[in-house]
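Below: one structure, written as structure tokens.
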Amino acid sequence: DKVYGTWSCVCKNVHVGPCLRIDVPYTPCPNCNTHATEYNELELKDDELLVTGSPDVTLVLRKGVFTAMEIKSINGKDFATLERPIPDHIMQVTFYWLLFKRLGYNVTNKISILYVNKEYSFKSPYQEFVLDATETVKRLDPYLETTREFVAFRNGGDLPCRTHCANINSQDAKKCHVAVICFSDGN
């Protein structure tokens, strides 16, 4: 009853929301005869920064107050040694929080990363880290600057200098959707 998102039927013909599940009308889809009970992540789109993000779970903590939760599954060995959240995951959920703020949502300063053990364990398969986004948001500054430089590039400016990846075969470049552009033309 606290999960906020869009909801669809099994065949995806009917979409409702964004809203809480309890606010979805109980009307079956004319195609598949199922109700809109399938959860779909809330898409956050910032037209100024030209970025989108979708937290795994958006919760309504109390009327009109939202928070973002990211869920990460990890192997049993890494789960057993997990003492703090992985920095990239902190950045990700903090960015969702920032998107919520920029889009005018009333958000709590608390953000959450929930780790789930992929392997069977006699102990709890969950470990949650709750962070204060006001303490982690400054870490986004270099990324936001790069994002603004890419917006300027798309508007006719120069391609920003590459500062993060040594070459196109680096770990981060392999996961980056602009790596080919970034490493073209001798930049």
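The values are calculated or read from the model by the stated rules, or taken from the named source; none is laboratory data. Keep in mind the model is a prediction, meaning the values are calculated, not measured. Backbone-built Cβ (ideal geometry, glycine too); neighbour counts: all protein chains shown. Ligands, DNA and RNA are excluded from the accessible area calculation, which covers all protein heavy atoms including side chains. Shrake-Rupley method; radii C 1.70, N 1.55, O 1.52, S 1.80 Å.
Among the residues making up region 134-187, none is assigned to a loop (DSSP other than H, G, I, E, B) and in contact (Cβ under 8 Å) with a residue 40 or more places away in the chain.
Residues that are open to solvent by 70 Å² or more (accessible area, probe 1.4 Å) and either at positive phi or of a type in the set (A, V, I, L, M, F, W, C) (or both) within region 157-167 comprise C161, A166, listed in sequence order.
State all residues of region 32-53 that are in contact with a Cys (Cβ under 9 Å, 6 or more places away or on another chain) and surrounded by fewer than 16 Cβ atoms within 10 Å (Cβ to Cβ); if no residue qualifies, say none. Across region 32-53, the qualifying residues are C32, N33, T34, T37.
Scanning region 101-112 for residues that are closer than 17 Å to E43 by Cα and either open to solvent by 30 Å² or more (accessible area, probe 1.4 Å) or part of a helix (DSSP H, G or I) (or both) gives K101, R102, L103, G104, Y105, N106.
Taking region 15-31 on its own, how many of its residues are open to solvent by 40 Å² or more (accessible area, probe 1.4 Å) and either over 18 Å from the mean Cα position of the chain (by Cα) or among the polar types (S, T, N, Q) (or both)?
Residues of region 15-31 that are open to solvent by 40 Å² or more (accessible area, probe 1.4 Å), as a first pass: 15, 17-18, 21-23, 25-28, 30-31.
Next, only the ones that are either over 18 Å from the mean Cα position of the chain (by Cα) or among the polar types (S, T, N, Q) (or both) stay: 15, 17, 21-23, 25-28, 30-31.
Qualifying residue count for the region: 11.
Filter region 133-168 for residues that are of a type outside the set (A, V, I, L, M) and in contact with a strand residue (DSSP E or B) (Cβ under 9 Å, 6 or more places away or on another chain) and give the result. Across region 133-168, the qualifying residues are T136, T147. Exactly one residue among T147, T136, T81, T94 is touching a Phe, Trp or Tyr at 6+ places or on another chain (Cβ under 9 Å), at negative phi and of a type in the set (V, I, T), and that residue is T136.
Quick check on L98: is it open to solvent by less than 60 Å² (accessible area, probe 1.4 Å), in a loop (DSSP other than H, G, I, E, B) and closer than 26 Å to T134 by Cα? Let's see the steps before the verdict.
Details: open to solvent by less than 60 Å² (accessible area, probe 1.4 Å): yes; in a loop (DSSP other than H, G, I, E, B): no; closer than 26 Å to T134 by Cα: yes.
In short, no.
Residue pairs whose Cβ atoms lie under 7 Å apart, separated by 6 or more positions or on different chains, with the first residue in region 12-23 and in a strand (DSSP E or B) and the second open to solvent by 70 Å² or more (accessible area, probe 1.4 Å), are V16/P25; L20/D1.
In the condition set (1) in contact with a helix residue (DSSP H, G or I) (Cβ under 9 Å, 6 or more places away or on another chain); (2) over 27 Å from S124 (Cβ atoms), V10 is compliant with all but (1).
Scanning region 1-14 for residues that are open to solvent by 30 Å² or more (accessible area, probe 1.4 Å) and either farther than 19 Å from K63 by Cβ or among the charged types (D, E, K, R) (or both) yields a total of 8. Checking each residue in region 128-149 for being open to solvent by 50 Å² or more (accessible area, probe 1.4 Å) and under 20 Å from the mean Cα position of the chain (by Cα) picks out E128, V130, T134, E135, K138, R139, D141, P142, Y143, E145, T146, R148. No other residue among E83, E70 is outside any loop (DSSP other than H, G, I, E, B) and modelled with pLDDT of 90 or more apart from E70.
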